[in-house]
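For reference, the structure discussed in these notes is given below.
Coordinate-derived values only; no laboratory data. Please read all numbers here as calculations on a predicted model, not as lab measurements. Methodologically, a virtual Cβ is constructed for each residue, glycine included, from the backbone with ideal geometry; neighbour enumeration extends over all protein chains shown.
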Ligand SMILES: [Zn+2]
């Protein structure tokens, strides 16, 4: 698993950014223009940003559901080892 990539994805979620439709570099939500290529976003683009952000968030939740039991199990193993 690429942990670094996970972390950057998480901070992107918090900042709510999405790829520019013109140059596909990351732009922050609330900006009217891409600061990379100067492309002005339309209402459709904002809609796409919203869909993208929602999809990313859902992906994050799914990951959390998978990772949480694994982490709990590891804690359980550590406690078992400490007992002996
Ligand atoms: Zn751009």
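Arrange the peptides 65-74, 49-58, 16-25, 29-38 so that the one whose residues have, on average, the most other Cβ atoms within 10 Å appears first.
16-25, 49-58, 29-38, 65-74
So how many Å³ per residue does the convex hull of the Cα atoms of the stretch 35-84 work out to?
Each residue corresponds to 84 Å³ of Cα convex hull volume.
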